[in-house]
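We did not get these values from a lab; they are worked out from the coordinates using the rules stated. Everything numeric here is computed off the predicted structure, so don't read it as measured data. All Cβ positions, even for glycine, are placed from backbone atoms using ideal geometry, and neighbour counts span all protein chains on display.
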Amino acid sequence: MIGAQGVWLGTARVRLLTAAALFTAGLPPVLDRDLSWLGSWKKALDQGTFSITTLGPVAAGIACVVYVRLRRSGVPDLLSQARRPWLGWLAPALGVWALASAAVLLICALTTTAAWAAGAHTYPELFWVVPPALAVLGAEVSIGAMMGSRIGHYWAAPWAAVSVFTLFILSSVGVVPGVFRTGGTSGSLSAETFAIHPIAAQAVAALGLGVAVMALSHWDLFRTSSTVHRGMCAVLVAAAIPALFRLHSDSDERYVSSSVEYECRDGQPTVCMLEETTRPLDDLAARMQRLAGPLVAAGVALPARFVQKLPGDSNLDEGSVRLFADEELGATVTDETAARSLAQPADCPAYSSDSPEDLPEVVFTIDRVLTHWILVQDGQASAPTEGGLADWWALPAEDQHPWVRTTYDALSDCRLNALRLPQ
Amino acid sequence: MTVALSGVRCSYRLDRPVVTIDELELTAGPVGLVGVNGAGKTTLLRTLAGARTPQDGTVTVDGDDLYGPRRRRVVQTIGYMPQEIQFPGELTVTQVLGYLCWLRRVPSRTAKAQSAEAVEAVGLADRAHQQTRRLSGGMRRRLALAAALVNEPRVLLLDEPTTGLDPEQRAGVREIIANLDSRCLVLMSSHVMEDIASVTSSIVVLHEGVVRYHGATSSFVAAHGGPNRSAELAFLTTIADA
């Protein structure tokens, strides 16, 4: 006996092809230009659930086709005679949802495995975000099923897909509650994790919405279903209402700060990055330790550790690893990135101050000069021959050392008002 | 087995009832349901099948309200063969019946035997493992009949079971109906008066949603069928007088 959920989904071959099509439909949001999620397991997981952005509309279109087929068959009249009319009606939608869920799970498994293989630290306990995403997928499938059932024409399928994608867009921009938004963070999720309450609210809202939509898709069958089924559906719909309100408020932030763990590479200096994004750590540490040579030769006192900076944090005793988002997630960094980090030996409060008076403008110029000086000493860049500092750049290195020492000491002590450009 | 309708009113538009039946009681045995296109036969059959809630009135099966609290139990006693039904073409005959057994919650230990019996009853035993898309039109009608029989119903509702069949196939379906348990109430609609006259013991003539005649088929033909006792003429006379 063929599984009841699969009865309306075609032959085994068709079901396999459907699953393959759903998997393929979910890939475009995952295969972004540079696969940056390889650098963060959390982001890889988030990106896996983001596949629902395109996979969901396709699943809705497929559900629409299946329910057009079911409605046109005349079998719904037989469903009303069934002991389990509601389950009989739900079964094809559950079948589509199961195929789509398998595709999402496979994509999530692939992204997280790839991130793990690329060296990212894993957080398997965070897989709990996948079931809520699958609940969203269920709601999307139910919309397709309802459109197919109500409209009864195959041309409704593309409209079902477009409608679901539109709901995703509207959810993402906040026009409607964020029920249909899954994944897609632009950050690295380092020192962050998934927020339980908004995502749980999203799951409840999606389940309630899905159940309500399926009930509307064939109200007569729902009405004649068992009291237990109707009761369960009513509870889900009732729970969805406050969840929708919660998602519509400002408190629907899906990511929250998490405990911070670092991974370090010992050396001179020791370089530490957040545990989530250690993919470029080896390369960064090697470059920073090599580029530290000219600074040591100049007689500066390097901080013992350079640590990846967290927004809002300040630490006077440690240097800052300063990375842009793509560098944080990349496999390697550039010498300029390493030099830029070496040029900030302390994470002064002024750097994250809201008041412009706390941060003299000269700091930015000095940051660029010091970074460039390190690269010039390592032979990675040439000294400028033009501009206001051309004379200083032309001096022998030994003559530049006093300015480097003085400047580095001031930066280390956060005496930013004491900073001066080379004379 | 008795099916009784009381004050039943079915409509798709509030101002235009499709079926209006004050009182009608159907008892065990084959019953013919005749009427012109649009007379309300399919609506009535769907209402009796539990697939369409009437706007007003009650339908009882052996005293139990079909649309009452015991609906799910009552409906289990009814088998329904819709006028048009298209099972997924990729399923085999056995898979279709297995699916219906699942829907009707026939215990798995008996589902296989009941499916085999239904297939045997409609003469599709040699096609049990054939995909339904490969069945002829007549065989598909017989499969629909098997689907209605699979839960061993005590009320069997057949909507135009012989439509689209050739004379030999029609005779086959008539034979199946004639061989059904006599305790079973079989309500069969048809345009073909010959089928009705040869199979049924009583007849319901429906015209514009209203019952114009209900009684023994033989009396109906004798009273309205003219000197040649033509069932066709009896029907035409009845609806012309309405």
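For chain A, leaving out every one of the GluC sites (Glu not before Pro) that falls in a DSSP loop and has at most 15 other Cβ atoms within 10 Å, the longest unbroken run is A:1-252. Helix-only arithmetic for the protein assembly as shown: the sum of -39500 (n - 2.57) across DSSP H runs with n ≥ 4, divided by the residue total, places the mean residue ellipticity at 222 nm at -16000 deg cm²/dmol. For GluC sites (Glu not before Pro), no site in the range B:80-167 is both called loop by DSSP and has at most 13 other Cβ atoms within 10 Å. Considering only trypsin sites (Lys or Arg not before Pro) in DSSP loops that have at most 16 other Cβ atoms within 10 Å, the longest stretch of chain B without any of them is B:106-182. Just to confirm the number: angle between the C-alpha axis of helix A:227-248 and the first principal axis of chain A, 0 to 90 degrees, nearest 10? Roughly 30 degrees between the two axes.
Taken about its Cα centre, the range A:264-418 carries a charge dipole of roughly 340 debye when the Cβ of each Lys and Arg holds +1 and the Cβ of each Asp and Glu holds -1. Amide H neighbours of B:Thr2 under 5 Å, counting only residues 5+ apart in sequence or on other chains, H built in-plane at 1.01 Å? Residues meeting the amide H criterion: B:Asp62. Just to confirm the number: angle between the C-alpha axis of helix A:85-117 and the first principal axis of chain A, 0 to 90 degrees, nearest 10? Once rounded, one gets 20 degrees. Using the Cα gyration tensor of the range B:125-177, with a ≥ b ≥ c the square roots of its eigenvalues, what is the shape: rounded (a/c below 1.5), prolate (a/b larger than b/c) or oblate (neither)? Here the range B:125-177 falls in the oblate category. Rounded to the nearest 10 degrees, the inclination of helix B:108-121 to the longest alpha-carbon principal axis of chain B is 60 degrees.
The Rg/Rh ratio for the range A:264-418 is 0.95, where Rg is the radius of gyration of the alpha carbons and Rh is the Kirkwood radius. Here's the list of lysines a cross-link from A:Lys43 could span, going by alpha-carbon distance under 21 Å and ignoring same-chain residues fewer than 8 apart: A:Lys309.
Would you mind classifying the protein assembly as shown by shape? Square roots of the alpha carbon gyration tensor eigenvalues, ordered a ≥ b ≥ c; an a/c under 1.5 is rounded, otherwise it is prolate if a/b is larger than b/c and oblate if not. It is prolate, given that a/c is not under 1.5 and a/b is the larger ratio.
What is the distance in Å between the Cα centroid of the range A:273-332 and that of the range A:367-417? Computed from Cα coordinates, the inter-centre distance equals 19 Å. Ranking of A:Cys64, A:Cys348, B:Cys184 by neighbouring Cβ atoms within 10 Å, starting from the fewest: B:Cys184, A:Cys348, A:Cys64. The relative contact order of chain A, computed from alpha carbon pairs under 8 Å that lie at least 6 residues apart in sequence, is 15 percent.
Within 10 Å of each residue's Cβ, count the other Cβ atoms and sort A:Cys264, A:Cys272 from fewest upward.
A:Cys264, A:Cys272
Quick check: from the Cα gyration tensor, does chain B come out rounded (a/c under 1.5), prolate or oblate? Since a/c reaches 1.5 but b/c is at least a/b, the shape of chain B is classed as oblate. Exposed loop sites here are chymotrypsin sites (Phe, Trp or Tyr not before Pro) assigned a DSSP state other than H, G, I, E or B and surrounded by at most 15 other beta carbons within 10 Å; excluding them, the longest clear run of chain A is A:156-323.
Going from the fewest other Cβ atoms within 10 Å to the most, the residues A:Ile52, A:Ile199 appear in the order A:Ile199, A:Ile52. May I ask you to list the aspartates and glutamates whose Cα is less than 12 Å away from that of A:Lys42, ignoring any residue fewer than eight positions away on the same chain? Of all the aspartates and glutamates, those that pass the test against A:Lys42 - Cα under 12 Å, at least 8 places apart if same chain - are A:Glu125, A:Glu192, A:Glu275, A:Glu276. From the Kirkwood radius over Cα pairs of the range B:14-64, Stokes-Einstein at 25 °C and 0.890 mPa s returns a whole-number translational diffusion coefficient of 199 µm²/s.
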